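Every read-out reported here was derived from the displayed coordinates using simple, explicitly stated rules and does not represent laboratory data. Because the structure is a prediction, the values reported are computed rather than measured. Reconstructed Cβ throughout: ideal geometry from the backbone, glycine too, with neighbour counts over all protein chains shown.
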Amino acid sequence: MPKKRKSRGRHKGDKGKESMIQCDECGALIPRSKAIKVTRKYAPIDPQLATELRSKGAIIPTYEVLKLLCVRCAVYRGVVKIRPEEERKKKTSL
């Protein structure tokens, strides 16, 4: 069966088998190297209240949340864009 990519869409190289993880959105099992990592800042306070408190000199903590997404969820959520055909890598025949 022909394969589409030399790396099969993964980053592991020649390291053998690696651990599987669950996607944080849909729960699908995916290889750790194929997961798309997204870091977002999260503040537990309402944004309007936070601006008022910051103007009065309060320090509001923000936390970084790491999400591991499968390719399907990353495309659906807009984290990864599908490139048009003109921008994709061109196949060259030898």
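Here is the figure for the stretch 70-94: residues that are surrounded by fewer than 10 Cβ atoms within 10 Å (Cβ to Cβ) and touching an Asp or Glu at 6+ places or on another chain (Cβ under 7 Å) total 0.
In contact with a His (Cβ under 8 Å, 6 or more places away or on another chain) and either on the phi > 0 side of the Ramachandran plot or surrounded by 11 or more Cβ atoms within 10 Å (Cβ to Cβ) (or both): is that true of K12 in this structure? No: the conditions fail for K12. Selection of first residues in the stretch 63-74 that are closer than 12 Å to R32 by Cα and of second residues that are among the small types (G, A, S) and surrounded by 17 or more Cβ atoms within 10 Å (Cβ to Cβ), restricted to Cβ pairs under 8 Å at least 6 apart or on distinct chains, gives the following pairs, ordered by first then second residue: L68/A35; L69/A35; C70/A35.
The residue list L66, L53, L29 contains one member that is among the hydrophobic types (A, V, I, L, M, F, W, C) and surrounded by 12 or more Cβ atoms within 10 Å (Cβ to Cβ), which is L53.
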